[in-house]
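Here the structure is laid out as C-alpha cells; the discussion comes afterwards.
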Amino acid sequence: MLPITVNTEPGEVRSGIDAEELARLIGRLGADGDRFVVVERIADGREGDHYIQTWHEGDGPYEVEYRDGSAERHFGVRMADAEEVVAVFVAWARGAEGWADGYDWEPVELEAEPEVMEPEVMEH
C-alpha cells in the first residue's frame, strides 16, 4: 500500500491504494469527466501543499505537476505515456531519492488570486 490519498475528476477519493490501482486510475485518464488525478501523501506533517497531479485529455501528453510546499516550489513537465507517469507518481509516493531526476521540470506560474478590496470606512 502507498501512503497516499488519490482524488479523481469523477469525485473518487481513495486512500492507501497499491501501485497497481494507481496505475489503473492514471491509465484510464483521457475521456471527458475523467482527465485528472491528484495525489497527496497521507499525514506527512509538513507545512504547505505537497502533492503531485496529472491531466490527460484525449491522445495528448500527460501534464504532470508537483508542488513541494509553496507556489515557488510548483513545477511541471509533459510526459508521453501513462507508464512513465505511474513510475514517477509511485516513486514520489514512496519518497524515493531522486524521484524527479531525469526530467526537465519547469516552474509553473499560477494566476494570482484577485485581491479583495476592503471598503473604506468614512469618518463623520
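Values quoted throughout were computed directly from the atomic coordinates according to the rules given, and no laboratory measurement underlies them. These numbers were taken from a predicted model, which means no experiment stands behind them. Quick reminder, even Gly has a Cβ in these numbers, built from the backbone with ideal geometry, and neighbours come from all protein chains shown.
Remarks
- All positions within region 80-107 that are surrounded by fewer than 18 Cβ atoms within 10 Å (Cβ to Cβ), under 18 Å from Arg35 (Cβ atoms) and in contact with a strand residue (DSSP E or B) (Cβ under 6 Å, 6 or more places away or on another chain): none
- Residues located in region 29-82, provided they are under 22 Å from Asp101 (Cβ atoms), basic (Lys, Arg) and in a loop (DSSP other than H, G, I, E, B): Arg46
- Qualifying positions in region 9-28 - over 16 Å from Ala93 (Cα atoms) and either touching a Phe, Trp or Tyr at 6+ places or on another chain (Cβ under 7 Å) or of a type in the set (Ser, Thr, Tyr) (or both): Glu9
- Residue within region 45-57 that is farther than 24 Å from Asp104 by Cβ, free of Cβ contacts under 8 Å to residues at least 12 places away in the same chain and either touching a helix residue (DSSP H, G or I) at 6+ places or on another chain (Cβ under 7 Å) or surrounded by 12 or more Cβ atoms within 10 Å (Cβ to Cβ) (or both) present: no
- Hits in region 1-28 (condition: part of a loop (DSSP other than H, G, I, E, B) and over 24 Å from Leu110 (Cα atoms)): Met1, Leu2, Pro3, Glu12, Gly16, Ile17, Asp18, Arg28
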